[in-house]
Structures are given as structure tokens and as C-alpha cells.
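Read through the structure below, which is laid out as C-alpha cells, and then see the notes.
The values are calculated or read from the model by the stated rules, or taken from the named source; none is laboratory data. Keep in mind it's a predicted model, so treat the numbers as computed, not measured. Ideal geometry is used to build each Cβ from the backbone, glycine not excepted, and the neighbour counts take in all protein chains shown. Quick note on the areas: whole protein, heavy atoms, side chains included, nothing else; ligands and nucleic acids left out. Shrake-Rupley method; radii C 1.70, N 1.55, O 1.52, S 1.80 Å.
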Amino acid sequence: MFFGTKKDNSVKWEHKDISQLDLCKVNAVVFGGTSGIGRAISHQLADRGANVLVVGRHFKDEDMKKIKFLHADLSLITEADRIANEIPAKDITHMIFTTGIVAAPQREQTPEGIERDMAVSYLSRYMLIRELAGKMGKGLPHNASKPRIFIMGFPGSGQLGDPENLNSDKKKYNALSTHSNTVAANEALVLDSKDRYKNVEVFGLNPGIIKTEIRNNYLGKDSIFSKAVEWVVGWTCQTPEDYAKNICPLLVSPDLDNKSGTMFDNKGNAILQSAGLAPEVVHNFIHNSAVLVTKVLAMKPNETTSKLPV
Ligand SMILES: NC(=O)c1ccc[n+]([C@@H]2O[C@H](COP(=O)([O-])OP(=O)(O)OC[C@H]3O[C@@H](n4cnc5c(N)ncnc54)[C@H](OP(=O)(O)O)[C@@H]3O)[C@@H](O)[C@H]2O)c1
């Protein structure tokens, strides 16, 4: 178990070796599949025959036939709104959210007026799930498992955040509090979505600490501190590739049917949700997300804005 997470003994699944899997029926979208953990997952899925669409800004896998690319700057809510119309949701079997950054030492704001970590690591996911989840599964065979949504963050670690300060503009800014708020908001998104969308199953993924680019925004890319931290992480933690090999069999396991709302740790073991993330806290996160997103979309000139349930 990791960072205070607690095992959930009610959910078990058969851990298979990825080399045993034929994934030719999988149609996956990996938001944030251009780098780090998302890219490693995309590679594993594609290598086993899945069709993978990756969404991000810097595509590096032009040579991989099974991986297609959709460009989007997901720090912008309007961009998430735009690409939602370009994703063939009805045929998608898996949506995997790994888009993320860590809050900067000084508050950064997007051109839409949203704190950047919250925008990239949470609100883009909130927006895309709102637009796409209800459409998923309509093009899949009747005997197929329900489509699945995996939300990566740090669920089960006990972070409760502050839904009244979603945009980090109501109190003195603190990068760690802001990032904790994105962590709690993502866990709340799992808990809300499992009840809201009965046509899909929604899960939380906690990969633990893994050497990637994610901490650059806080530690400073190529700074001495960053090099030291990533050196230690590189020596002590699993690589994105190891994690992806472990987790891809989970993503497609039939044992996950009817287990919506479950969270999984860095080895793929089921963990309990954070104690204290009560239904009213979840409600406040989702309500305040809808308010924030609706405000941004209302500023969009000459277009009909999405009507999001608050
Ligand atoms: N690594 C860890 O230790 C760790 C620990 C706990 C949780 N996590 C979670 O794991 C997930 C993946 O993180 P990672 O470690 O793999 O980080 P990473 O290597 O930095 O990858 C982040 C991904 O997010 C995308 N992204 C960032 N800003 C974007 C933007 N404005 N628009 C579109 N895409 C954007 C990047 O794509 P582009 O570069 O193409 O924009 C990249 O594909 C995140 O949810 C993170 O919170 C990671």
C-alpha cells in the first residue's frame, strides 16, 4: 500500500501477463498519451493490437501504426469542448485520463482565467467526461462489457481538497494545496461519475511516484533540485513502462465488470476511497466545477455553450 492508501478486499481481479492479451477489440483514447505514463500505456495497448487515439500537444509516435493523434491544449476549457466533438465516443471502449501537470510555485493562470494545474489536471477531464460519457457504448456490440473510464491521479490518499477554492483565487496561493485540490477533485469525479453515468464504468488509478516530466512545473526543468529528486525516484520507483505492463491487463480485465467506482494502487490492487470524501464534498466539487466551466463557456463569442448540469 502507498501513501496511506488502504486495501479494498472486496475487489479482486486475475493479474495476467500482458503478453497473453489480444486487444484488437479495444478502441482506447488516452488523454495525455503523448508522454510519461499515458504514453507507456498507449504503447502497451497498441503493441497488443488495440486502436489508440492519443490527445495532447507533442506527438512523438508517428511511426506507430496503431496510434493516432489529436492535438489539443487541454489547459483551455474551450479546447476540451471543441475536441469532444471530434472523438467518436460511441465506439470507444476505454477512455484513460493521464493529462496532468503539478502546480507552479507562483499561481499560473490560463487565458480563460483558470489556475493552470486545475485546468489541465482536472477541469479538462471534468469537461470531457461531461460531454462524452453519456454517448459511450452506443456503437459497441450488445454483449460487450460496458465502456470504461479510468481517471489517473492520487486517489485513496486521504486528500480532501477545498472545493470552495477550486480556482485557487480565494485564499493565499500555495502550490501544494492547489495540487492537493486537483487530487481530491479527480477522486470526486470518479465517485460522482460512477453514479451519474450508468452506461459506463468509472475507475480511479493511483500510479504512486514514477519518474516522468510531471514535476518540472514545480521543481523547474533541469534544475539541480529536479535532477536530484528524479534521480532518487528513478532508483527507487517503477518506470512508466513497468507500471503500464502491470496496469494494462487491469484495464481490460473482465473481473472489473460491475465494479464502477473502484480505485487501484500502483500495483493494480484495489484500494479504498479516501475516508472523508463524503457525498456532500463530492457534490461541492462537481457543483463548483460546473459553475466555473459554465462561466468560461459563456464568454465564448457567438457560439451556443454546453448546458452542464450543476
Ligand atoms: N509521475 C508521478 O510520479 C505521478 C504521481 C501521481 C500521479 N501521477 C498522475 O499520472 C498522470 C500522468 O502523469 P505523468 O507522470 O505521466 O506526467 P507527464 O509525463 O508530464 O505527462 C503528462 C501528460 O499531460 C499532457 N499535458 C500536459 N499539459 C497539457 C496541455 N496543456 N494540453 C494537453 N496535454 C497536456 C502531456 O502532453 P503534451 O506534452 O503533449 O502536452 C503529457 O502527455 C497525471 O494524472 C499525474 O497526476 C503521476
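A few notes on this one:
- Amide hydrogen neighbours beyond the local backbone of residue 263, cut-off 5 Å, H modeled: 204, 271
- Protection proxy ranking, peptides 78-91, 223-236, 151-164, average beta carbon neighbours within 10 Å, highest first: 151-164, 78-91, 223-236
- Estimated dipole of the chain in Debye, rounded to 20 [Cβ of Lys and Arg +1, of Asp and Glu -1, Cα centre]: 280 debye
- Bridgeable lysines around residue 221 (alpha carbons under 18 Å apart, same-chain partners fewer than 8 residues away excluded): 211.
- Local net charge near residue 121, Cβ-Cβ under 14 Å (Lys/Arg +1, Asp/Glu -1): -3
- Projecting the Cα atoms of 154, 294, 92 onto the charge dipole of the stretch 18-298 (Cβ charges, centred on the Cα centre) puts 92 farthest toward the positive pole.
- Surface composition of the chain: carbon plus sulfur atoms contribute 54% of the solvent-accessible area (1.4 Å probe, protein chains only, all chains present).
- Each residue of the stretch 91-99 is assigned a 3J(HN,Hα), and the resulting list reads 9, 7, 8, 9, 10, 10, 9, 10, 5 Hz, derived from the Karplus form 6.51 cos²θ - 1.76 cosθ + 1.60 (θ = phi - 60°), x at Gly and Pro.
- Helix-only CD estimate at 222 nm, as mean residue ellipticity for the chain, using -39500 (n - 2.57) per DSSP H run (n ≥ 4): -10000 deg cm²/dmol
- Cα pair distances of the chain binned at 20 Å [whole percent]: 34, 61, 4
- Per-residue HN-Hα couplings for the stretch 135-145 [Karplus 6.51, -1.76, 1.60; θ = phi - 60°; Hz; x = Gly/Pro]: 8, 6, x, 5, x, 8, x, 4, 8, 6, 4
- Among 25, 172, 295: highest mean-square fluctuation, GNM of the chain, C-alpha pairs under 10 Å: 172
- Net charge dipole size for the stretch 1-110 [Lys, Arg +1 and Asp, Glu -1 on Cβ; Debye, nearest 20]: 260 debye
- For residue 76, net neighbour charge (Lys/Arg +1, Asp/Glu -1) across residues whose Cβ lies under 12 Å away: 0
- 3J(HN,Hα) couplings calculated from phi for the stretch 229-240 with the Karplus curve 6.51 cos²θ - 1.76 cosθ + 1.60 (θ = phi - 60°) are, in sequence order, 4, 5, 5, 5, 4, x, 7, 9, 10, 6, 7, x Hz; Gly and Pro show x.
- Amide hydrogen neighbours beyond the local backbone of residue 69, cut-off 5 Å, H modeled: 54
- Normalised per residue, the accessible area of the stretch 110-196 is 36 Å², obtained with a 1.4 Å probe and no contribution from ligands, DNA or RNA.
- Charge tally around residue 188: other residues with Cβ under 14 Å, Lys/Arg +1 each, Asp/Glu -1 each, net -2.
- Probe 1.4 Å, all protein chains present, accessible-area order of 136, 64, 299, largest first: 299, 64, 136
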